[in-house]
Amino acid sequence: MAEAPDEREPGPEAAEPLPQQHVGCQVFSERLAQQKPPQAFLSSFFTNEQKCQLMLLKTLSTNPYVKLLLDAMKHSGCAVSKDRHFACEDCNGNVSGGFDAAVSQIVLCQNNIRNQAHMNRVVTHELIHAFDHCRAHVNWFTNVRHLACSEVRAANLSGDCSLLNEIFRLHFGLKQHHQTCVRDRAIRSILAVRNISKEVAQKAVDEVFESCFNDHEPFGRIPHNKTYARYAHRDFQNRDRYYSNI
């Protein structure tokens, strides 16, 4: 699943703006294989993979978006293991990560993820795709409407279209701005990984937009920032307790 250019962490602690040509995440039809670039002598003591693993560990243990998604995956029968379901690898181009549906694994591009905020953003986006893969029979490669739905949900629920992130992009002041942002970034994400026309991508997003935009699982609401995500996580944890008392 691709994420539109200009990635940053959800919520108020947004990272610095990214170059417009940056492509975030993609579906891996096959793993990209390439030689690792030579590293400087000093940096070799702390490799890209070690940095990636440390940032991943912090994201999994502290980020409220990610903690909710991990609980939801476990609740849906798809418990996530750090060692089994995440891989730090070098990737071609400017790709930051992707969800490899063939092996149910999230690929984190250790040569392109720049900092903790960026890692938070990539993991959140890809876990939404993984959650969709767990709960539904998603045909990522042949049904563009399935991909469009998951991209709409990822843009809507990951915090990528928060007001602060959009101000950093100099996009604000429009009526129904959040919906416009979600639609535009979903289209851009599809175009980043599918060899189709913009018109076809727009049509797919338009066809699924209403239902997929209003599908807030597992958050139960649109988590516009970390505070909303924490509230959503608390509510998710209390769901079973609530229903057991009815």
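The values are calculated or read from the model by the stated rules, or taken from the named source; none is laboratory data. Small disclaimer: the values here were computed from a predicted structure and weren't measured. Counting neighbours? That spans all protein chains shown, and the Cβs are built from the backbone with ideal geometry, glycine included.
Tabulated results
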quantity	calculated
Top-ranked residue of the stretch 106-144 - restricted to ones that are over 29 Å from GLU207 (Cβ atoms) and part of a loop (DSSP other than H, G, I, E, B), ranked as nearest to the chain's Cα centre (by Cα)	ILE113
Residues of the stretch 85-105 classified as within 20 Å of THR47 (Cα to Cα) and not in a loop (DSSP other than H, G, I, E, B), total	5
Set TYR228, TYR243: member being of a type in the set (Ser, Thr, Tyr), loosely packed, with under 12 Cβ neighbours inside 10 Å and at pLDDT below 95	TYR243
Residues of the stretch 187-209 satisfying the condition of being at pLDDT below 95 and surrounded by 18 or more Cβ atoms within 10 Å (Cβ to Cβ)	ARG188, SER189, ILE190, LEU191, ALA192, VAL193, ARG194
Only listed residue being among the aliphatic types (A, V, I, L, M) and out of contact with any Lys or Arg (no Cβ under 8 Å at 6 or more places or on another chain), chosen from VAL144, VAL95, VAL107	VAL95
